[in-house]
Protein chains: 2
Amino acid sequence: MTAQIIDGKAVAANVRAEVGKAVAERVAAGKSRPGLATVLVGDDPASHVYVSSKRKACAELGIESFGFELPADATQDKVEGLVSELNADPRVHGILVQLPLPSHLDEEKVLRAISIEKDVDGFHPINIGRLAQKGRDPLFVPCTPAGSLVLAQTVIPKLEGCNAVVLGRSNIVGMPVALLLVRANATVTICHSRTKDLPSVVRQADVLIAAVGRPNMVKGSWVKPGAVVIDVGINRIEDPTHPKGSRLVGDVDFEEVKEVAGAITPVPGGVGPMTIAMLMQNTLRGAELSDK
Amino acid sequence: MTAQIIDGKAVAANVRAEVGKAVAERVAAGKSRPGLATVLVGDDPASHVYVSSKRKACAELGIESFGFELPADATQDKVEGLVSELNADPRVHGILVQLPLPSHLDEEKVLRAISIEKDVDGFHPINIGRLAQKGRDPLFVPCTPAGSLVLAQTVIPKLEGCNAVVLGRSNIVGMPVALLLVRANATVTICHSRTKDLPSVVRQADVLIAAVGRPNMVKGSWVKPGAVVIDVGINRIEDPTHPKGSRLVGDVDFEEVKEVAGAITPVPGGVGPMTIAMLMQNTLRGAELSDK
């Protein structure tokens, strides 16, 4: 059996198209144009690429974007001061502080400074705290975790009662995706580097979310036949046969696992495109919240 | 084989003795006497009993307590106003708003009004959010979850790599205990009413935390031989053979499970006494935080 390949690009394109349509409609109705402010501190090349992709997506969907760049040695006060200004700016409905921040900055303090009504990344501790609590809805859900769930739900619309296994417990993916799965009424197991006999734990998953950052770690023999496998990993490995000498792979050994799983996301073209699509959706939501 | 009975009363008495000693030492050293403010809204008899036990424990350990009672129809503003006053009162190092609140009040908003430096119940969304995130330490950990872990660790001091199963996902016990177990490097499975084939999931637990509020639900056949079973449930069931016509039982069928488990907490006398002991520890911690 060969698994269904979950086309993240196509799903993300649908989400983006819907957001673009809603933006056009609200602007036509005389409401504010959604605006996203991006804050980039320092010179990390990968962060520059991410921020510029996000701003490009904004432009395509009619969302205004405001780019701010601060030097790598910007002080805590400077970064928080900028965030305060953006909190007060009515043109800005979402504030994205690109992580990671330089190590001299207190990341949690910066994230806490963002107004929770503009926390489109969903990493404000209050939004994370609400995600972990029944009956308390976060205003925004972190983008990559939300996108991972959307992809799983293209195959299993109702995750209720599924055995879901989350590999990895990072602040950005593993833990919030686990909290989302609990909210979706799945039975959730959180695994990590200290888990004993990982293959046998993973083999219980009806839905597996792999987010550990280890190339090709999950083997075919680890996966329950028919399982839905969402691969959040993006790892660059050497490959002399490739023109660039390297290529991107996920945390899942795609060639092996696609022969066992029921459905699987590819890398690239799986979860990756969903992150920006969900950010656009969150920015639209920020604008909608400001209407009230 | 008969399981070791984990004596929660004895463990709690040790914690309380340590807190009492530390209180006496800090007062002797000229530092502030720890103070706990309790806020009770309405006439729920169980809540009255809980609050009075907490104030009694304070008195025993040299902690000052300040009791506030508001009528069942107190407005949101009234409750938040009282919390603000207590935030500003230097004699108060911990603020405990007894839950549940009457249904017309916004519970999360009340909890958010508490200064996180005085959040001895650990339910402020920022403290819960930090609990869910690596590298971000909550100032206070919720009392019953913390006490449950202390009891498990009397048998397995290092929970790293254990398979821990949490039965229940409540805001007050299940979810925070799961987050604490992840922080302790256990592999954690969160089960609940929608979990399929619950007995077989529970049977994988090296450590089982039962917190669902269903009398005697967990049977002997559900438990892995040698497992550590922490029973958070406190349920009153009819029993005509008892003088009162009823008695307290946990979520675990104690008589069956003690023949299979390696260690088990009784009900009463297990987790129950730990809750107040951890609250006293948190109040001391609140006073220590105020020293800085």
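Read-outs: derived from the displayed coordinates by stated rules, not from any lab. Remember, it's a predicted structure, so these values are computed and weren't measured experimentally. A quick note on method: Cβ atoms are made from the backbone with ideal geometry, for glycine too, and the neighbour counts reach across all protein chains shown.
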What net charge do the residues around B:Phe123 carry, taking every other residue with its C-beta under 11 Å from that of B:Phe123, with Lys and Arg at +1 and Asp and Glu at -1? -2
Output row for A:Ala10: copy-to-copy label distances, label 7 Å along Cα→C-beta, ascending, in nanometres, one decimal, is 6.4
Label-point separation in nm, B:Lys56 to B:Glu18, each point 7 Å along Cα→Cβ: 2.4
Filter chain A for me: DSSP H helices, axial length by Cα at least 15 angstrom, mean Kyte-Doolittle hydropathy not below 1.0. List them by residue number. A:143-155
Going by how many other beta carbons lie within 10 Å of each one, how would you line up B:His192, A:His242, fewest first? A:His242, B:His192
Plugging the Kirkwood radius over Cα pairs into Stokes-Einstein for the protein assembly as shown, at a temperature of 4 °C and a viscosity of 1.567 mPa s, what D comes out in µm²/s? 51
Diffusion constant of chain B at 37 °C, which comes from Stokes-Einstein with the Kirkwood Cα-pair radius and 0.692 mPa s, µm²/s: 166
Working from the pairwise distances between different alpha carbons, so that the mean of 1/r is found and then inverted, what is the stretch B:63-204's Kirkwood radius in Å? 16.9
Seen from all sides and averaged, what is the projected area of the convex hull of the Cα atoms in the stretch A:148-191, in nm²? 2.6
Which of B:Leu279, B:Leu61, B:Leu96 ends up with the largest GNM mean-square fluctuation for chain B, with Cα atoms connected below 10 Å? B:Leu61
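Report, for the stretch B:143-271, the % of DSSP beta bridges that are antiparallel, rounded to 5.
Around 20 percent of the beta bridges assigned by DSSP in the stretch B:143-271 are antiparallel ones.
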Work out the FRET efficiency for A:Leu99 and B:Ala29 from their Cβ-Cβ distance, taking R0 = 51 Å, and round it to the nearest 0.05. 0.75
Just rank B:Thr283, B:Thr241, A:Thr189, fewest to most, by other beta-carbon atoms within 10 angstrom. B:Thr241, A:Thr189, B:Thr283
Sorted from largest down, give the three principal axis spans of the alpha carbons of the stretch A:32-115, whole angstrom values. 36, 28, 17
First select every other residue whose beta carbon is under 15 angstrom from the beta carbon of A:Glu255; then total the charges, Lys and Arg +1, Asp and Glu -1. -3
How many nanometers, to one decimal and shortest first, lie between the label point of B:Val27 and those of its other copies, if labels sit 7 Å from Cα toward Cβ? 6.7
³J(HN,Hα), Karplus 6.51/-1.76/1.60, whole Hz, each residue of the stretch B:101-115, x for Gly, Pro: 8, x, 5, 7, 8, 8, 4, 4, 5, 4, 5, 5, 6, 6, 4
Simple spin-label estimate for A:Ser193/B:Glu160, 7 Å along Cα→Cβ, in nm, reads 1.1
Exposure proxy check: A:Val27, B:Val173, B:Val252 ranked by fewest other beta carbons within 10 Å? A:Val27, B:Val173, B:Val252
If each label sits 7 angstrom from Cα along the C-beta direction, how far apart, in nm, is B:Ser290 from its counterparts in the other copies? 4.1
Quick one: compute a quarter of the convex hull surface over the Cα atoms of the stretch B:143-271 and quote it in nm². 7.6
In this model, which of B:Lys134/B:Lys158; B:Lys31/B:Lys118; A:Lys31/A:Lys134; A:Lys78/B:Lys118; A:Lys31/A:Lys78; B:Lys21/B:Lys56 are farther than 23 Å apart at the alpha-carbon? A:Lys31/A:Lys134; A:Lys78/B:Lys118; A:Lys31/A:Lys78
Where Lys and Arg each count +1 and Asp and Glu each count -1, what net charge lies around B:Ala3 among other residues with Cβ under 9 Å from its Cβ? 0
